[in-house]
Each structure stands twice: as C-alpha cells, then as structure tokens.
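Q: I have a structure here, written as structure tokens, and I will follow up with some questions on it.
What follows draws every value from the coordinates through simple rules; no lab data is involved. Source: prediction; values computed, not measured. Positions of Cβ are generated from backbone atoms using ideal geometry, with glycine treated the same way; all protein chains shown enter the neighbour counts.
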Amino acid sequence: MMKKGILPLVLALTVLVGLVAVRLPLTSGSSLMEVSVSPQDVFVDLGQSFSVDINISSVQSPGVYSYQLCLYYDNTVLKALSAQIPSNNFLTPMNPSNVFHIGPTINQSAGCVTCCATLLGEEPGKTGSGVLVTVQFMGLAAGISLLELRESDFILVDSSGNEILSNQYELGSGTVSVSSRLAGINMFLSPSYSTVKVGQFFSVNVNIAGVPSPGVYSYGFCLYYDNTVLQGASAQIPSGQFFEPISPSEILIADPGTINQTQGQVHFELSLLSDEPGATGSGVLASVQFTGLAGGTSPLEFGDVYLVYPNGSRLLSDQYSLGQASVWVVPVSLTQRISVGDYSLPFHSNVMLGLANVTVDVLVENASNVAGGSFEIYFDKRPVNSVSLSPGDFGSPSYSVDYSDGFANVTIAGSTAVNKDVATLAKITCYGVRDLILLRLQNGLLNDEEGNTFAPLTKDGSITVLFPQITISPCIVEAGSAANVSIVVLNAENMAGFSMNMTFNSSAISVAHVFPGDFGVPVADVTDSGSSDWSVLSVTSTSASAVGKTNATLAVLSCVGIDEGRTFFYIQNMELSDEQGNLWNANIFQSYLLPHGGFWGLPFDDGGHVAVSVVPEYPSTGIFLVCLLLGSISIMMKKKPSKKWSAHAKTRNQ
C-alpha cells in the first residue's frame, strides 16, 4: 500500500508517463539502494548558512524513473533558504524535455522540503548514483536538528511503473549542530547521532574547528557517557590528528584516552612542546570506540574542558562552544523481526479457474540466536481455496488452520540456534489464488537455545495478482496536426486480442486513424453515439498467439484538434482474450483523483476519465491541442464471455 498523503502526487507523476504503480518484491541477489544526506554531520554557528545534498546510490537496472521525497528538519533550529534540483542531477534525461519536476518546495512552518520528479516518454530508468536535491539552510537558533528522510513520505518508481518497496533501499539521515556563538572555536562529536544494537561495536570522533591564530597549544577534556547503556572499548589519539607537530618529538601526550567504565568517562590530555606553533584550523582530536551494552539512549557530553594558548593563558569558556551527541542502543528483543514478503502472480487462465498456487516464506531477521518460535498469520479466505505449511530452517511446523476466520496458528519447536542472520521459519502455500491476499502476522514469539522467549517486530506481506491494466499516454500537438495517443495494456504477457468502445466529444477532436499496436491490424469504426457532439470509436484486434510482453500497445489513435473545448475519453465494454480464446470483460475502476488545492489540478471528470483539452490560440505559438492524459484507468479482468465478439474472434483466428 502506498503512503498516505503522498499517494496523489506520486500517482500523478506515475500516470504522467502512462504507468500504473505496482508493488513488487525485492529480487533475490539484489543489493540495497541508498538514499543519504551529505554531509551527514554539519556544525555551524548562529546565522551561518550551509548546503546539503540528498543523494541516491547503488541503483541497479531497471533503474529509477520517478521519485518523491520529504526532507524534515527542526524549524526552531534551522531555516531553509533555498532548494533546487541541480544540473546533471540523478534524473537528468538524455532528451532535456523528457523530465517533469514539482518543487522543490519549502514549508518552513512544517519544517520540510518536498520534491517530486519523473522522467517522460521513452527515457530509460536511471541507474548508478547521483544528487536528487540540494537544500541550503541557515542556523536559526542553538540546538541540534535531524535532517530526516521518512519512509512514510518517500516513494521510488521504476521504469516499468512498479513502486520500489522499502526493503529495496535504505534511507539515511543527517544532523546539524548549531552553536550558541556567532563565531569561534567549536569542539564537536561525529557522528552526533548513532543507532546500534546490543553488542555492536562503533566509533565516535572528537573534532575541533574554527581555531584562529595564534592557535591552541594544549588541551584536556573528558567525554562522559551512560555506563549502563554503553561500554567503553578503546580510545586513542590517531595519527594525523589536529596537534600533529612540525617536529615529531615536540609533543607530550599526557593521557591518550583513559577509560573509566565505573564513572562512565574517557579522559584525554595533550600539549605541544618548546617552540612549536599553536595549531589552527580544524581536525580530529581523538577517537573513542564503544560497544552497545544494554537497550537505552546515552548522551555523549564534554566535561572538564580546557584549551590553552601558546602563551600559556587559557581560553575563556565563551570563546569556544561544545557540541554533544547521543547513541540509541536497540535491545536484542527489538532487533528480531518476523516478516512476510510481497509476492506477485502474473495473470493467466489458471487464476480465473482457481488453479494458481503461490508459496511464500515467513522469515526471521537477526536470527543467529533463534532456535524456534510461533506466530499467527491472517489471510483473506475469499480469494484462496486452502493453505498449507512446510518446513523452513527450523524443522517441521505444527499448525492449525481456521478457515472461518481466515488464520493459521503456527509453532516451530527447536532447541538449537539456527546461526543465520536471516532464516525461514516456515513456508506457506496458498492454493487457488484468485485476487489480492493480504498476509498479516500477529502474536509472534521467538525462543533461544535456553528456552528464553522474546517478542519480535512483525512485517506483513501480500500476494498480488498482476491483472492487465489499461493506460493512455500523454501527448501535445498543434491543432490541425495529428497526435498519436497510445493505449497500452500492462501485465499483458498472456493476452492475444482485445475489443473496446471509447466515447469522445467529436466537436473538440476527431480520430483520424487507428494504427496497429502489438496485437495485429485493428478493425475500427466511428459511429454517432446518439448524443449531441459525441461519437463512439469501436476497435477490435486479435492474434493467434499471446503477445508475450509485460507492457503491450493495444492500438495507437491519431487525434486531430478541431475547436477550443474539452472532451473526455470514456473507455467502455473493454474485453481481452488469451490465445485459447478465453474472453474477459473489463470492468473500469475509478482512477485516483487529485483534490483541488493540492500540488496541481488535473483535468478529470467525476468518473475518473481522461480529459483532452483544445486550448485557444497564443500569439507566438498558434493553437495547441493539449492532451493532458494524466489519468490511470485500472481495468481488472473478470471472465465473462461476449457472444458477439467471441464469434468475431473465432472467425478472425480461423
């Protein structure tokens, strides 16, 4: 299911290129894409401006065709000054006209920057790495602000119109520390925010920046942490550190990093010697390694700080600022997750006959210490005949199925840890899949070798039948000239022919010709609908074999603008056939309508049909026919023979 609130915008962009978003699972062996904020940690003074890039990397074929993102920040700490999609950005097309942007838009009151973009036409999806958006901020008040990309407000769509699921990418975040000083020396920690697991090892650097002449000659400080959450592992003053002397012997490291776990502190002390000049500029002072000890959040704070000039006098506390950081240690019981993936089933006659079966894996993540477990899985009993379970990595499951309420109660007994990062608890086979099935996990419980139990997180999944769907492509043409409008069917692999009626306003446009698509030469006819200024276009085309394409063109309409006005294409009585001659009536479902007052208004009628506008003459460009075919007409096929077209199809096949 797409995210609430941003669904209209992404559907608009997806539909702009004649695609319908379909959620598909991660392909086995694929690596995760990364969307990150760069630089990840920023340290500025009050009133200081800076820029960050939102980058995407590790994008593999078929690539990214459209995206939407929202970058959230603390509007009490930062002010967004500007946002732009830079030249040579990640979605830069080969043809400069084959791209469409909305934003970036700054909403300071909400503390977010929103941007949406899509490629157009035949542009291939983009792979590799690049910058999506650049945002410039200013430090507004002292404090720390997250720069956060939220999964709930983030969407990627590939070149086939498939929504890229969140398990196929990682969203990074950044932090900005704004000091209370207008200028001066700043001691800070990087990263300023970390999330680790119990037992995980990680490092924190102590940095200094903005040191003017005559520089700093010596220093001492403690780094304090919560000793119930973190375990100090090691500390050092690294080579190439800020106080690297000209003469290697002219330095005294009085304390290279003493860890006092009882007090929860690490102490450092260093001084240059003799005639060494004070250190200026910026650099790393020290590095500390920690291990997550127990679940919780630990601050990292400076204490007992002193900085000394080359003349021996100490800097006053208002001459420098001190940053802070925090670490969230995730408890072991929260790191495990039982999940079901999102599976897809191509449409074919077995689906309609109730003979299609799908097997899904119930996985447990971070499973190295897991020996067994139990869970309940709920399913919609209407589009499935029966379910059964088979072993995964933990032995044979015992289970019971309640078909009246649509759920299975599953237990996998085990006494030996599986010793895998990701393991299969059980496999579930759904028999007779005919439509979308949501698979919802509840009451999950895992156990280790000692019999200790803990409650994991859960992630639901689904089985989606990829029914054929009809889309109409956008185009722009001068009045009096023909515009080719393609009618495309998605998920068309097993389709061999079609028949449809389309109603349009013949006072605004005319259909001059119907060209063949992938289904052979069409038989077309335009008749009067019986209503003033409205005509009906009937098109039929059949083939002896399936088209064998995921996306196939039914036909191409050559439309000509006649007079200023607006018309809608109403697709009616749509039928598709497979190569065995099975026919399905196409039920036209409403497409999503963008509300007025949103990002833009789209020319749909109340029924969700596609609008075609003929605009008046402009002084420099003449009259243009603007086919704003920004609708997505989803057509779900149900088996229902049409006697009239069935006879016609058999005659043509013979």
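Q: Sorted by packing (mean other beta-carbon atoms within 10 Å per residue), highest first, where do 369-382, 94-107, 545-558, 389-402 land? Mind showing how you got there, number by number?
A: Working: 369-382: 20.3, 94-107: 14.4, 545-558: 18.3, 389-402: 16.1.
The densest-packed peptide leads the list: 369-382, 545-558, 389-402, 94-107.
Q: Further, regarding this structure: Taking the Cβ-Cβ separation of D255 and L353 as r and a Förster radius of 60 Å, what is the calculated FRET efficiency to the nearest 0.05? Write out the running numbers ahead of the final one.
A: On the way: r = 78 Å, r/R0 = 1.29.
Working from the Cβ atoms, E equals 0.20.
Q: Would you mind calculating the gained length between Q442 and R314 on full extension (0.36 nm times residue separation, minus the Cα-Cα distance), in nm to one decimal?
A: Values: separation 128, 0.36 × 128 = 46.08 nm, distance 6.12 nm.
My answer for the length gained is 40.0 nm.
Q: To the nearest 0.05, how large is the calculated FRET efficiency for S415 and R382 if R₀ is 45 Å and r is the Cβ-Cβ distance?
A: On the way: r = 39 Å, r/R0 = 0.87.
That gives a FRET efficiency of 0.70.
Q: Next question, about the same structure. Just order 237-243, 426-432 by mean Cβ neighbour count inside 10 Å, highest at the front, would you? Walk me through the numbers before you get to the answer.
A: Values: 237-243: 15.9, 426-432: 19.0.
For the peptides 237-243, 426-432, the packing ranking is 426-432, 237-243.
Q: Using 0.36 nm per residue, how much length does the chain from D435 to S271 gain when fully extended, once their Cα-Cα distance is taken away? List each step's numbers first, then the result.
A: On the way: separation 164, 0.36 × 164 = 59.04 nm, distance 7.25 nm.
Working it through step by step, the gained length comes to 51.8 nm.
Q: Sticking with this one: Would you list the P(r) distribution for the range 335-463, with all Cα-Cα distances sorted into 5 Å bins from 0 and each bin expressed as a whole %?
A: 2, 12, 22, 24, 17, 11, 7, 4, 1, 0, 0
Q: Just the Cα atoms of the range 394-469: what Rg and Dmax do they give in Å?
A: Expressed in Å, the Cα Rg and Dmax of the range 394-469 come to 15.2, 52.
Q: Now, a different point. Using θ = phi - 60° and the Karplus curve 6.51 cos²θ - 1.76 cosθ + 1.60, what whole-Hz ³J(HN,Hα) does each residue of the range 532-539 get, with Gly and Pro shown as x?
A: For the range 532-539, the Karplus curve yields 4, 6, 10, 10, 10, 9, 10, 9 Hz.
Q: Treat each spin label as a single point 7 Å out from the Cα along the C-beta direction, and report the N107 to F50 distance in nm.
A: 2.6 nm
Q: Same structure, new question: Which value in nm describes the separation of the simple spin-label points at S368 and Q40, placed 7 Å from the Cα toward the beta carbon?
A: 2.0 nm
Q: Could you state the principal axis extents of the C-alpha atoms in the range 7-176, from the largest down, to the nearest angstrom?
A: Here the spans come out as 47, 34, 27 Å, largest first.
Q: Report the gain in length on full extension from T297 to S545: 0.36 nm times residue separation, minus Cα-Cα distance, nm rounded to one decimal. It would help to have the intermediate numbers written out before the result.
A: Working: separation 248, 0.36 × 248 = 89.28 nm, distance 6.28 nm.
Going from the current span to full extension adds 83.0 nm.
Q: Here is a further query. How large is the direction-averaged shadow of the alpha-carbon convex hull of the range 142-217, in nm²? It would help to have the intermediate numbers written out before the result.
A: Numbers: hull surface 36.8 nm².
In nm², the orientation-averaged hull projection of the range 142-217 is 9.2.
Q: Further question on the same structure: With N set to the number of residues, divide the alpha-carbon radius of gyration of the range 185-330 by 2.2 N^0.38 Å and report two decimals. If you can, show how the numbers build up before the last one.
A: Values: Rg = 15.5 Å, N = 146, 2.2 N^0.38 = 14.6 Å.
Against the empirical 2.2 N^0.38 Å value, I get 1.06 for the range 185-330.
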